[in-house]
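Inspection log for the structure reproduced underneath, given as structure tokens.
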Amino acid sequence: MRPGRPLTRAVLFDHDRHLDVYLDREAARGLAGLWMLAARSPRSLIHVPLRANRPPGGDVPDDIGTRLDLVLLHHSLQFAPSRWKEVRGRLGPGRPHTVSLPEEERDHVMTDADHEARHHRENRDLFHQRLHAETLFMTGSAKVFRETAGHFLDVARKGPGHVPVHPNRPHFCTEFHGNDGILGGDAREIHVEYRDRWSS
């Protein structure tokens with residue numbers, strides 16, 4: 001699956017030790033919806049093309065890293081990222097489908113997270129990452145996708161209001177942090193930042 005409308009104001013960078021996502025409000029809401037779709041559709045591979053997007057305007061460093069596409073998938077698919085380049089080369093325009101996510105699901109996406117259980121050794125609800133063919137593969141369980149979609153909703157709700165009120169510090173962000181109990185041993189932290197200015 002791919003989003004019907006491209007998320008043009010979103011970009012993902014590989015920055016060595018961590019990953020950076022810059023996005024505007026619409027793209028943040030779109031990624032939240034795709035994250036929830038990954039939670040609800042464990043048999044789907046969700047491709048989010050981002051590599052060709054322009055970076056945001058402002059103080060983004062020139063050496064920020066390599067631009068990446070994104071693929072979200074449930075671990076039960078056991079998809080080998082090494083096959084991605086071949087699969088991507090065969091993708092056509094696709095057939096349009098509409099997916100509805102209930103408003104209450106969007107509003108309560110993070111309320112059922114058991115933060116203590118995330119730090120138990122038996123926790124298997126973790127993200128694993130692989131990089132292949134300029135694409136980041138985020139593989140996880142339905143639970144970890146559902147519980148972390150709120151990062152993007154938080155940016156969509158609070159980012160636009162934060163920037164005008166804090167003109168000297170217009171930085172609003174959230175993070176998939178290593179101490180959150182959601183990243184497996186092979187996964188890097190992800191910094192997600194709201195931007196209202198974009199290159200034309």
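The values are calculated or read from the model by the stated rules, or taken from the named source; none is laboratory data. All of these numbers come straight from a predicted model, not from anything done at the bench. Every residue, glycine among them, receives a Cβ derived from its backbone with ideal geometry; neighbour counts consider all protein chains shown. Please note that ligands, DNA and RNA were not included when accessible areas were found on the heavy atoms of the full protein model with its side chains. Shrake-Rupley method; radii C 1.70, N 1.55, O 1.52, S 1.80 Å.
Some values worked out for this structure:
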quantity	calculated
Residue that is farthest from HIS18 (Cα to Cα) [pool: residues in the stretch 43-96 that are touching a Gly at 6+ places or on another chain (Cβ under 9 Å) and surrounded by fewer than 15 Cβ atoms within 10 Å (Cβ to Cβ)]	PRO96
Hits in the stretch 141-184 (condition: β-branched (Val, Ile, Thr), part of a loop (DSSP other than H, G, I, E, B) and open to solvent by 40 Å² or more (accessible area, probe 1.4 Å))	none
Failed condition for VAL192, given (1) open to solvent by 10 Å² or more (accessible area, probe 1.4 Å); (2) outside any loop (DSSP other than H, G, I, E, B); (3) within 18 Å of LEU70 (Cα to Cα); (4) not basic (Lys, Arg)	(1)
Residues of the stretch 1-27 satisfying the condition of being farther than 21 Å from LEU91 by Cα, touching a residue at least 60 places away in the same chain (Cβ under 8 Å), open to solvent by less than 100 Å² (accessible area, probe 1.4 Å) and not in a strand (DSSP E or B)	ASP24
From GLY65, GLY58, residue being at pLDDT below 90 and touching an Asp or Glu at 6+ places or on another chain (Cβ under 8 Å)	GLY65
